[in-house]
1. Go through segment 3-8 residue by residue and turn each phi into a ³J(HN,Hα) via Karplus (6.51, -1.76, 1.60, θ = phi - 60°); whole Hz please, and just put x for glycine and proline.
2. Would you please put 107-120, 9-22 in order of how densely packed they are, using the mean number of other Cβ atoms within 10 angstrom per residue and starting with the highest?
3. Give, in nm to one decimal, the length gained when the segment between ALA187 and ARG119 is fully stretched (0.36 nm per residue of separation minus the Cα-Cα distance).
4. Would you mind getting me the FRET efficiency between GLU24 and VAL111? Use the beta-carbon distance for r and R0 = 35 Å, nearest 0.05.
5. Among the aspartates and glutamates, which fall within straight-line cross-link reach of LYS94, defined as a Cα-Cα distance under 16 Å, with same-chain neighbours fewer than 8 residues apart omitted?
6. Tell me, what ³J(HN,Hα) does each residue in segment 108-116 have, in order and in whole Hz, if you take phi through Karplus 6.51 cos²θ - 1.76 cosθ + 1.60 with θ = phi - 60° and put x for Gly and Pro?
7. Through the Karplus equation 6.51 cos²θ - 1.76 cosθ + 1.60, θ set to phi - 60°, convert the phi angles of segment 137-148 into ³J(HN,Hα) values in whole Hz; use x for Gly and Pro.
8. For segment 128-198 and segment 91-108, what is the centre-to-centre distance using only Cα atoms, to the nearest Å?
Amino acid sequence: QTPFFNANASALTNDGHVLFAGIEGYTSIYPDETGIVQKTSDAPVIISVMVGDRVIDATDGRITLNHDDTHVVIRFFPGHLNGASSVGYAYRIKGVMDDWVYTEENHITLVGLSPGDYRLQLKVSEGVDTEGRVCELAIHVNRPFYLTGWAFLAYALLCMLIGYLLWLRARRRKQRKLRQEKFVEWAGKSHQDFRKKL
């Protein structure tokens with residue numbers, strides 16, 4: 001299914017299954033089958049990354065954004081079902097902020113990240129001093145095309161071309177001036193020779 005679920009459409013069946021209704025059907029989870037006992041201090045799990053209406057794959061723990069991806073929504077889940085709706089979270093973005101930001105929302109919105117590399121860190125927080133496990137997402141924001149290496153190479157070539165054209169123009173001017181001076185000198189000499197003959 002897509003990661004779109006209706007927060008008010010969930011149910012617990014008599015045999016212990018948890019049902020979640022989504023826009024493409026429902027998802028059934030049987031918590032006892034996992035055999036994993038999770039605590040609220042476990043690291044949260046990133047369930048979706050959306051840029052506008054586009055879903056980005058973040059399963060490998062990294063995403064790449066374009067410079068004009070100005071509105072990014074990252075949704076996460078505490079990793080357990082017990083009291084998931086009352087869990088608090090903390091996050092920070094290495095490269096932007098060093099202090100943890102605490103929230104009760106299960107999503108954060110990133111707006112206008114500058115080109116560069118960042119590391120989003122998430123953790124479940126029951127208080128300010130909680131040192132829970134941290135989930136990390138590497139974020140790379142591409143430079144705009146006019147700030148890439150190829151663009152700077154094009155700028156350098158363009159500057160070289162303009163410099164060459166200016167040099168060529170100056171050279172032609174100098175040659176034209178030299179021809180004019182030679183013509184004036186020849187005309188003066190011819191005039192003098194003609195006077196001598198007269």
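The values are calculated or read from the model by the stated rules, or taken from the named source; none is laboratory data. None of the values given here were measured: they were computed from a predicted structure. So basically every Cβ, Gly included, is an ideal-geometry build from the backbone, and we count neighbours across all protein chains shown. Ligands, DNA and RNA are stripped out before the accessible areas are found, and what is left, the full protein with its side chains, is counted by its heavy atoms. Shrake-Rupley method; radii C 1.70, N 1.55, O 1.52, S 1.80 Å.
1. So the Karplus estimates, Gly and Pro as x, are x, 9, 10, 8, 4, 9 Hz.
2. Taking the mean over residues of other Cβ atoms within 10 Å, the ranking is 107-120, 9-22.
3. 16.6 nm
4. For R0 = 35 Å, the calculated efficiency reads 0.75.
5. Counting by Cα, and skipping residues close in sequence, LYS94 has these aspartates and glutamates nearby: ASP117, GLU136.
6. Here the 3J(HN,Hα) series is 10, 10, 9, 10, x, 6, 6, x, x Hz.
7. Going residue by residue, I get 10, 7, 10, 10, 9, 5, 6, x, 4, 7, 10, 7 Hz, with x marking Gly and Pro.
8. So the two Cα centres are separated by 49 Å.
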